[in-house]
Number of protein chains: 4
Amino acid sequence: MRFFSDNAAAVCPEVMEALAAANHLDTAYDGDTLSQRLSRVFSDLFEREVAALWVGTGTAANALALAELCPPHGGVICHRDAHINNDECGAPEFYTHGAKLMLVEGEGAKVTPQAVEALLATVRKDVHQVQPAAVSITNASEYGRVYTPDETAALGEICRQRGLGLHLDGARFANAVARLGCAPADLTWRAGVDVLSFGFVKNGGMSSEALIFFDRDRAAATHYRRKRAGHLLSKGRYLAAQILAMLEGDVWLRNARAANDAADRIAGAAGAERLVEPVEANELFLRVTAAEAAALRSQGFDFYDWGPGQVRLVTSWDSDPAQVDRLATAIRAL
Amino acid sequence: MRFFSDNAAAVCPEVMEALAAANHLDTAYDGDTLSQRLSRVFSDLFEREVAALWVGTGTAANALALAELCPPHGGVICHRDAHINNDECGAPEFYTHGAKLMLVEGEGAKVTPQAVEALLATVRKDVHQVQPAAVSITNASEYGRVYTPDETAALGEICRQRGLGLHLDGARFANAVARLGCAPADLTWRAGVDVLSFGFVKNGGMSSEALIFFDRDRAAATHYRRKRAGHLLSKGRYLAAQILAMLEGDVWLRNARAANDAADRIAGAAGAERLVEPVEANELFLRVTAAEAAALRSQGFDFYDWGPGQVRLVTSWDSDPAQVDRLATAIRAL
Amino acid sequence: MRFFSDNAAAVCPEVMEALAAANHLDTAYDGDTLSQRLSRVFSDLFEREVAALWVGTGTAANALALAELCPPHGGVICHRDAHINNDECGAPEFYTHGAKLMLVEGEGAKVTPQAVEALLATVRKDVHQVQPAAVSITNASEYGRVYTPDETAALGEICRQRGLGLHLDGARFANAVARLGCAPADLTWRAGVDVLSFGFVKNGGMSSEALIFFDRDRAAATHYRRKRAGHLLSKGRYLAAQILAMLEGDVWLRNARAANDAADRIAGAAGAERLVEPVEANELFLRVTAAEAAALRSQGFDFYDWGPGQVRLVTSWDSDPAQVDRLATAIRAL
Amino acid sequence: MRFFSDNAAAVCPEVMEALAAANHLDTAYDGDTLSQRLSRVFSDLFEREVAALWVGTGTAANALALAELCPPHGGVICHRDAHINNDECGAPEFYTHGAKLMLVEGEGAKVTPQAVEALLATVRKDVHQVQPAAVSITNASEYGRVYTPDETAALGEICRQRGLGLHLDGARFANAVARLGCAPADLTWRAGVDVLSFGFVKNGGMSSEALIFFDRDRAAATHYRRKRAGHLLSKGRYLAAQILAMLEGDVWLRNARAANDAADRIAGAAGAERLVEPVEANELFLRVTAAEAAALRSQGFDFYDWGPGQVRLVTSWDSDPAQVDRLATAIRAL
């Protein structure tokens, strides 16, 4: 009964079926019928003409997005706990050719307008200092928190005023949309987001994420960067197929709701005092003693320790309701 | 009846089955059972302890290999028609941080010892010039030609003497091994190859290539580079599964033989005078007039023009024997 | 009466004379007689065989040093206020091809062993995180503080234990040595420093800094990197001449002592309560109100504001004693 | 009596005097009075408002220019014998972050419109191939040949049509202008040149070259790139002083004419049959046997061998007329 990560989950049946259905000769790279449909389908979803590309990982999606928004001599403002800073082995620095991540603090791994303003105030406008060029946020955040449309728009407004690009790492974008019940547009371009890394792998996909440019003209160089980074798969139709399968019939939302619901059930059992962070997506950060953690593990539950006295549990699209209930019961019983 | 590229072919059934069989929760990234078996299985195949990593594309495999063999201020000697020079949008330059490809000419897109020596003779040993650090060859070559073990070893010997690394782009390594009937070791480390990009996608895979380091210690930094490049998939087990399925029972050789045989049948029909290059793998370069090409296309055969009066046809693991025969007949009838 | 920066000072007469004396035909780049003497002269100064190269700026010296000590996927631990982080527009990121500066805090812009250990403790040893490869310190620091030989050695010991390189940004190394009265070796290789950026420009030079590798073998790639960065001047003898002139007869120490003494006189006049930082080199950070700063400026003294209620003054090798005395008097009179 | 390179020559007296005259406190970096005059003075010279920056070497100037004209995934078309390809250790690749130099052949190291068109014809317009973004030429060329205004304009017209930037490596721009007797504008912006590396060091300077952007807006990012590359000297006034001294009273043209005249005298003595290349600047490529070369060397003349049966001699602004006459006599006597 593993609650390590949604990365470890299986692939949902719609995706497996789509792979099988795509298994015939077609044009290589992204010239196939499925890849050619991507921008159309995402444009419908986002209520605006967008350019959409598939890439194999969220790290690649994020790094490609930042390479478009920030020159090598620029800076990207992000949270200290951001995935791009903490878990990508310097991918943003690689793809941007050496841009600097400029770190802010903030509750729940969320970037606030105040934090951005405070950082900007420390930067002299001269050639000796790296000039910020973009802000990157993660929704849902690395601590399972969501930005509302208004919170996003407040950051978007600062970016607009200060000439900064706004990138949204949406590895768990589905979980955020499912939680908030808003339109995808409300969390993105209507709030000032320029580029979105739209995650599918954690949510039931196998090997395909989408990179969405809300200004279609800004996608041009990314086609070259993607190829140059070795991310233009020759049988790209199998990546397109995964995404299309998850958009069809809102599988992406169904899966995200399942994961969120599982997290909610565990959170309810844990009670507010154990929660290090409010549970707003599919991650739980709980206060448990070492003895309590050991007790849970002895009952077959696995998860990561997350600093002294804290653990992280992640639910996924296919979290077994019975296992979730047993975990909830076990936590309640601590 | 498309003979554009083996990139366009479908995925072989063993791979599809392996994906289905892998579809359950496991450890993320490359910590899963399947990924952990890769080095063992390839060590057996190559009769030597090797380090093996999966990556999503041949371009990524090649570029990661070169980043290990060549510093940013170094050079990589390769053929002007090499895929790394001509079809990867500068991926080697990206991953090596700006190394220079130093181009040689040679029949059939093959690098000869003489060409390497001649290029080396032009380089002054001073800091004003980029110093060659590696040689990269492709087997089977971009013109469907193979290097024999002896030919490879002759290049390996120069590399050894001159302190150069030797990389083998094996996007169609299976086709070369199948053609030559030699041990994989004979075309690689026994002949002085340091790193191999071992292709599976063109040969029936979906999205997984193998990067093989014959000196296991040289793989260390590549684990970081792969992550940093966004090529460490979180559900990596689906990549390992594809490779393992194709190694099991020598599916890789069976598939390559099928493609080679199809090419042979067409070559036999075309006759020696039409062949721009001897057919040694699964690519055919034929002399046909524009009218002849049009005649073939009017019968439903599709392929690329390849310069004036020439066309390229590529067979694949699943080339339909009936279609191949019809094509052979059509060519014979020209 | 400007106390903005030692960067603004004139060039000392010994350097001007050396330029004139070098003004004849000689071998280009660094093949000339003067450049060829550099390693010998620095080896004598440091009581050890070193490799020494001239470069045009401290930024280039620092960035070249870090490129040797840290791979593109590595990290450099430094103080948040370090020049390499704050005033070089990302030069370390450029030369290292995207390494990450990992920031620590500490009094007086000094890095402590505790801060290094604390940072190291936050880094998981896996491929998802950038792994620290080096520590960089500045002596005298950006706040005019010095590291003693013992303090340096404590950092050197951590670096040795953890396999990290140790770089010393010595833009004001002369001021530190002059203050401490120790051997240059005591602040560098005897304390574990691998590479030193030895500054001359702030101390009376015109356009030449020295980059010192205490392990001579580690200088090899830097010769290529220097050329590749456009820092191998064709008339390099004029850079070598500047450095040799300042080493001859210990001009570098004489100049640094003059600057330090001027700072001391002002510090004495200011009194301990006004000093934000102890004055240990040639920089002063004083607490003065806006009105007091205006009063000083109205008497002809110029300097930078340094945050609310603070100013920075820098003395130099040629600070006019009369002006220094007038400033001391003016500050005392506030 | 060395005729190795104009790089080895001394610095002309006007520059030495200007260094002395600038030797007083001023604003650091390029905030000083002299640096601030550069754009004005060059705008007058070029009869157009330009942006001018000093940098320390021609290699840096070239690489900064190309970084502005070409993205990391683009290509720069240049001659195989171009300095940027052959003598800069990959500086263009470093500064552009991995762009590809696309080589053409041509007599006298000159790029022809035909060669550019032929190369462009080989490039498919897809993401698999590096797309050319700029052309770089050298005037006077690496073989001492000049491009006329018309020849330059023909290349400029291709660039305009094809959306390519045009860079001029003017390490010996002065020699070209002096030879052609045209306006500097005629060889640059009037002919379509976007950025010029204007050389002063080979022509009597010490350590300062100018980088000229004919569209002033294109200089903006270069200020950051220059700093980031460690080329923003803190005492930049000494670089500005060199350039201003050589522009004042047309010292740059006087010096170039002296070098050109010396080359002409030697060429006249050598006779047309010995000339590998017409002498149009200050370089001579002569056919001499090994015995003849030895004979010259035994009389005290030094120079480079340049392939079998050929030597290179370079004159400079301060070539001693008596030595030149003795060399002319010695060559005539062979």
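The values are calculated or read from the model by the stated rules, or taken from the named source; none is laboratory data. What you see is a predicted model; the values in this text were computed from it and never measured. Cβ sites come from the backbone with ideal geometry, for glycine too, and all protein chains shown count toward neighbours. For accessibility, only protein heavy atoms count, side chains too; no ligands or nucleic acids. Shrake-Rupley method; radii C 1.70, N 1.55, O 1.52, S 1.80 Å.
Taking the axis that rotates chain C onto chain A, the chain C residue nearest to it by Cβ, with the distance rounded to whole Å, is C:G98, 2. Extent along the principal axes, Cα only, for the range A:243-309: 45, 24, 20 Å, with the longest axis given first. Amide H contacts under 5 Å for A:V135: A:I77, A:G165, A:L166, A:H167, restricted to partners 5 or more places along the chain or on a different chain, H placed in the peptide plane at 1.01 Å from N. Only one residue of D:V11, D:G56, D:G74 has its Cα farthest out toward the positive end of the dipole of the range D:1-137, where Lys and Arg carry +1 and Asp and Glu -1 on Cβ, and that residue is D:G74. Basic side chains Lys and Arg get +1 at the Cβ, acidic Asp and Glu get -1 at the Cβ, and with that the dipole of chain D about its Cα centre reaches some 480 debye. Gyration tensor analysis over the Cα atoms of chain B returns equivalent ellipsoid semi-axes of 31, 27, 17 Å (largest first, whole Å). Taking amide H positions as placed 1.01 Å from N in the peptide plane, with prolines and chain starts having none, which residues 5 or more places from D:V104, or on another chain, fall under 5 Å of its amide H? Placed amide hydrogens put D:C78, D:H79, D:R80 under 5 Å from D:V104. Heavy atoms of chains D and B lose about 1400 Å² of accessible surface on contact, summed over both sides with a 1.4 Å probe. Here C:K227 is the anchor, and the lysines within straight C-alpha reach of less than 26 Å, apart from those fewer than 8 places off in the same chain, are A:K100, B:K100, B:K125, C:K100, C:K202, C:K235, D:K100, D:K110, D:K202, D:K227, D:K235.
Its alpha carbons considered, the range B:1-148 gives a radius of gyration followed by a Dmax of 18.7, 57 Å.
Using DSSP, restrict attention to beta bridges with both residues in chain C and report what percent are antiparallel, rounded to the nearest 5. The antiparallel proportion sits near 45 percent.
Along its principal axes, the range A:201-241 has C-alpha extents of 30, 23, 15 angstrom, given from the largest down. With 5 Å bins beginning at zero, the pair-distance distribution over Cα atoms of the range A:162-302 amounts to 2, 9, 14, 17, 16, 13, 11, 8, 6, 3, 1, 0 %.
Expressed in units of 2.2 N^0.38 Å, where N is the residue count, the Cα radius of gyration of the range A:100-170 is 1.09.
When A:E248 is represented by a point 7 angstrom out along its Cα-to-C-beta vector, the spacings to that point in the other copies are 2.8, 7.8, 8.3 nm, nearest first. Annotation: amide H-H contacts under 5 Å for B:L275 (H modelled 1.01 Å from N, sequence separation of 5 or more, or interchain): B:R287.
Peptide B:5-17 is shielded by partner chain Cβ atoms: per residue, an average of 4 of them sit within 10 Å of its Cβ. Binning the C-alpha pair distances of the range B:281-334 at 5 Å intervals from 0 yields a P(r) profile of 4, 19, 32, 28, 13, 3 %, listed from the shortest bin outward. Counting charges near A:V135 (Lys, Arg +1; Asp, Glu -1) among other residues having Cβ under 13 Å from its Cβ returns a value of -2. Loop-located trypsin sites (Lys or Arg not before Pro) in the range B:79-137 (DSSP state not H, G, I, E or B) with no more than 15 neighbouring Cβ atoms inside 10 Å: B:R80, B:R124, B:K125. Each Lys and Arg Cβ is given +1 and each Asp and Glu Cβ -1; about its Cα centre, the protein assembly as shown then shows a dipole of about 0 debye.
Ranked by the mean number of other Cβ atoms within 10 Å per residue, highest first, peptides C:227-233, C:51-57, A:287-293, C:159-165 order as C:227-233, C:51-57, C:159-165, A:287-293.
Hey, any idea what the orientation-averaged projected area of the convex hull of the range A:59-130's Cα atoms comes to, in nm²?
4.8
Annotation for the range A:54-123: GluC sites (Glu not before Pro) lying in DSSP loop with at most 15 further Cβ atoms inside 10 Å of their Cβ are A:E105. Mean residue ellipticity, 222 nm, helices only, the protein assembly as shown: the sum of -39500 (n - 2.57) across DSSP H runs of n ≥ 4, divided by residue count and rounded to 500, is -12000 deg cm²/dmol.
Applying the criteria of a DSSP loop state and at most 15 other Cβ atoms within 10 Å to the GluC sites (Glu not before Pro) of the range C:10-60 yields C:E47, C:E49. For chain B, the relative contact order is 24 percent, taking Cα pairs closer than 8 Å that sit 6 or more residues apart in sequence and dividing their mean separation by the residue count. Using a probe radius of 1.4 angstrom, the carbon and sulfur fraction of the accessible surface of the range C:199-320 is 50%. Using alpha carbons only, the radius of gyration of the protein assembly as shown set against its Kirkwood radius gives Rg/Rh = 0.98.
For the range A:296-305, putting each phi into the Karplus relation 6.51 cos²θ - 1.76 cosθ + 1.60 with θ = phi - 60° gives couplings of 5, 5, 5, 8, x, 8, 10, 5, 8, 5 Hz, in residue order, rounded to whole numbers and with x for Gly and Pro. Per-residue mean of foreign Cβ neighbours for B:55-62 is 5 (Cβ atoms of other chains, 10 Å radius).
Counted by Cβ distance under 13 Å from C:E107, the other residues give a net charge of -3, where Lys and Arg count +1 and Asp and Glu count -1.
Just so you know, the averaged projected area of the alpha carbon convex hull for the range A:77-212 sits at 8.1 nm².
Each Lys and Arg adds +1 at its Cβ and each Asp and Glu adds -1 at its Cβ; summed about the Cα centre, the range C:208-334 shows a dipole of about 680 debye.
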